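One structure below.
A short reminder: the numbers here are calculations on the coordinates, not readings from a lab. Just so we're clear, the structure is a prediction, and the values are computed from it rather than from any experiment. With ideal geometry, Cβ positions are generated from the backbone for all residues, glycine too; neighbour counts draw on all protein chains shown.
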Amino acid sequence: MKTLIYSTRTEMGTAAASRVSSRIGRLLTDQETVNMIFAAAPSQNDFLAALLQETVDWSRVRGFHMDEYIGLRPDAVQGFGYFLRQRLFDKAPFLSVDYIDGNAIDLAAECSRYSRLLQQYPPDIVCMGIGENGHIAFNDPPVADFADPLSVKVVELEGSCRRQQVNDGCFATLQEVPTHAITLTVPALMAGRYVFCMVPGKLKAEAVYNTVKQEIAETYPSTILRRHAKVELFLDADSAIKL
């Protein structure tokens with residue numbers, strides 16, 4: 001796994017955006033469109049802001065996101081679809097954007113619908129982060145399955161995962177954080193041809209250490225990144241402090 005460390009999260013975001021935009025450009029020389037999956041979290045803010053400053057032919061890019069809370073109001077600012085609309089999807093002329101509906105009446109049908117979209121448009125690039133408990137998307141240690149037969153599923157959020165949402169300032173109290181979500185599974189994320197993982201901040205230092213140093217196991221979901229042939233891990237000085 002290629003690990004790149006920068007002094008600040010701003011430098012990290014700028015460098016990651018440059019690498020991602022370059023990969024998009026290279027792919028578009030050989031194919032008509034590029035399919036991309038994006039994470040929604042404060043850890044991605046610097047990267048997303050910098051990516052919008054890059055020269056990208058967004059009219060040839062399809063956008064997807066990787067997880068969504070169940071039961072939030074459609075206009076709730078904590079929603080991941082809302083987050084990405086505000087910071088990326090509404091700011092660039094994407095060819096298309098497909099959202100996970102966390103308020104679908106039939107959640108199983110919604111998972112199947114989104115799975116079919118990912119099969120129709122296999123991901124070329126996945127832009128992601130790592131949670132404080134090592135989760136990728138909402139694949140927390142209790143539910144992460146490296147051989148998951150599903151591409152999209154409903155999960156119950158682990159306690160430390162829910163606390164992270166408070167630590168990130170997304171919710172005022174733990175009681176406000178939803179208990180369940182729809183998430184892309186580990187195999188769905190690792191199906192991306194190229195994976196770019198942006199992980200800044202002191203609160204992620206332990207998760208970064210585990211990602212790089214622990215055995216590859218579902219106890220540490222992010223360790224699966226080390227089995228991907230084309231992954232780049234972007235850190236700042238704070239998140240890399242234990243390496």
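Of all DSSP beta bridges confined to region 57-186, the antiparallel ones make up roughly 75%. Net charge dipole, region 1-128: roughly 280 debye, given to the nearest 20, about the Cα centre with Cβ charges of +1 for Lys and Arg and -1 for Asp and Glu. With an 8 Å Cα cut-off and a minimum separation of 6 or more residues, compute the relative contact order for region 1-105 in percent. The normalised contact order for region 1-105 reaches 28 percent.
Multiplying the sequence separation of Leu28 and Lys230 by 0.36 nm and subtracting their Cα-Cα distance, what value in nm do you get? Before the final figure, lay out the partial values.
Numbers: separation 202, 0.36 × 202 = 72.72 nm, distance 1.77 nm.
Extra length available between Leu28 and Lys230 comes to 71.0 nm.
Charge tally around Pro93: other residues with Cβ under 11 Å, Lys/Arg +1 each, Asp/Glu -1 each, net 0.
With contacts taken as Cα pairs under 8 Å and at least 6 residues apart, the chain reaches a relative contact order of 26 percent. Does region 107-243 come out rounded, prolate or oblate, given a ≥ b ≥ c as the square roots of the eigenvalues of its C-alpha gyration tensor, rounded meaning a/c under 1.5 and, failing that, prolate meaning a/b above b/c? Note, shape of region 107-243 comes out oblate.
Residue pairs exceeding 27 angstrom between C-alpha atoms, taken from Lys91/Lys202; Lys91/Lys213; Lys153/Lys230; Lys2/Lys242: Lys91/Lys202; Lys91/Lys213. Overall, region 182-243 carries a charge dipole of about 140 debye about its Cα centre when +1 sits on the Cβ of Lys and Arg and -1 on the Cβ of Asp and Glu, all other atoms neutral.
Could you tell me whether region 24-70 comes out rounded, prolate or oblate from its Cα gyration tensor? Rule is a ≥ b ≥ c as square roots of the eigenvalues, rounded for a/c under 1.5, then prolate if a/b exceeds b/c, otherwise oblate.
Numbers: a/c = 3.14, a/b = 1.50, b/c = 2.10.
Here region 24-70 falls in the oblate category.
Efficiency by 1/(1 + (r/R0)^6): what FRET value for Phe171 and Asp75, r their Cβ-Cβ distance, R0 = 22 Å, to the nearest 0.05? E between Phe171 and Asp75, to the nearest 0.05, is 0.90.
Quick one: net charge of Thr185's neighbours, Cβ under 9 Å, K/R +1, D/E -1?
Working: positive: Lys153; negative: Asp145, Asp148.
Cβ neighbours under 9 Å give a net charge of -1.
Run the simple label-point estimate for Asn103 and Ile216 please: 7 Å along Cα→C-beta, distance reported in nm. Reported label-point gap for Asn103 and Ile216 is 4.1 nm. The residues packed around Thr10, meaning those with a beta-carbon under 11 Å from its beta-carbon, carry a net charge of -2 if Lys and Arg are +1 and Asp and Glu are -1.
By average Cβ neighbour count within 10 Å, what is the ranking of 220-233, 65-78, 166-179 from highest down?
Numbers: 220-233: 19.3, 65-78: 17.6, 166-179: 13.3.
Put in order of decreasing packing, that is 220-233, 65-78, 166-179.
In debye, nearest 20: dipole of the chain around its Cα centre with unit charges on the Cβ of K, R (+) and D, E (-)? It would help to have the intermediate numbers written out before the result.
Values: 24 positive and 29 negative charges, 121 e Å.
Result for the chain is approximately 580 debye, rounded to the nearest 20.
Among DSSP beta bridges whose residues both lie in the chain, state the antiparallel percentage, nearest 5. Among the beta bridges of the chain, antiparallel pairing accounts for roughly 25 percent.
In the chain, a dipole from Cβ-located charges (positive for Lys and Arg, negative for Asp and Glu) runs towards its positive end, and of Ile70, Thr219, Ser7 it is Ser7 whose Cα lies farthest in that direction.
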